[in-house]
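**Student:** Dropping the structure in here first, questions after.
The values are calculated or read from the model by the stated rules, or taken from the named source; none is laboratory data. The model shown is predicted, which means the values in this text are computed figures rather than measured ones. So basically every Cβ, Gly included, is an ideal-geometry build from the backbone, and we count neighbours across all protein chains shown. For accessibility, only protein heavy atoms count, side chains too; no ligands or nucleic acids. Shrake-Rupley method; radii C 1.70, N 1.55, O 1.52, S 1.80 Å.
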Amino acid sequence: MKVIVELYGATKDLSSKNFLEFEIKNNCSIKDVKFEILKFIDKKFNGNDNLKKIIESSAFCSEDNNIISENYIISQNQTIGIIPPIGGG
């Protein structure tokens with residue numbers, strides 16, 4: 001099954017295409033997708049701790065722009081968004 005993760009804010013540094021694409025097993029959760037992103041960071045960015053912290057603290061949204069929890073199950077090819085925290089002063 002294919003999941004496309006649209007990148008926003010600081011997560012855009014992960015790809016010049018503004019999205020990541022993963023092949024995952026059927027009925028995976030957002031938590032599983034997050035794990036795949038962290039593995040990607042380990043491989044492509046030598047385990048960059050700052051990028052990992054951004055992923056760990058990010059929210060995810062569905063195709064219809066609703067915030068979804070880590071327990072949300074992906075049961076078909078789907079596009080989700082990752083929304084990193086935004087700091088301000």
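**Student:** Give segment 2-39 a look and list any residue that's in contact (Cβ under 8 Å) with a residue 40 or more places away in the chain, in a loop (DSSP other than H, G, I, E, B) and surrounded by 14 or more Cβ atoms within 10 Å (Cβ to Cβ), or say none.
**Tutor:** TYR8, ILE24
**Student:** Is it the case, given these coordinates, that ILE73 is surrounded by 15 or more Cβ atoms within 10 Å (Cβ to Cβ) and of a type in the set (A, V, I, L, M)?
**Tutor:** No: the conditions fail for ILE73.
**Student:** List every residue pair whose Cβ atoms sit under 6 Å apart, with the two residues 6 or more apart in sequence or on different chains, where the first one lies in segment 51-75 and is more than 17 Å from LEU38 (Cα to Cα) and the second, anywhere, is part of a loop (DSSP other than H, G, I, E, B).
**Tutor:** Every condition considered, the pairs that remain are ILE68/SER62; ILE73/ASN27; SER75/ASN27.
**Student:** Are any residues in segment 50-70 open to solvent by less than 60 Å² (accessible area, probe 1.4 Å) and not in a helix (DSSP H, G or I), and if so, which ones?
**Tutor:** SER58, ALA59, PHE60, CYS61, SER62, ILE68 - these are the residues of segment 50-70 that are open to solvent by less than 60 Å² (accessible area, probe 1.4 Å) and not in a helix (DSSP H, G or I).
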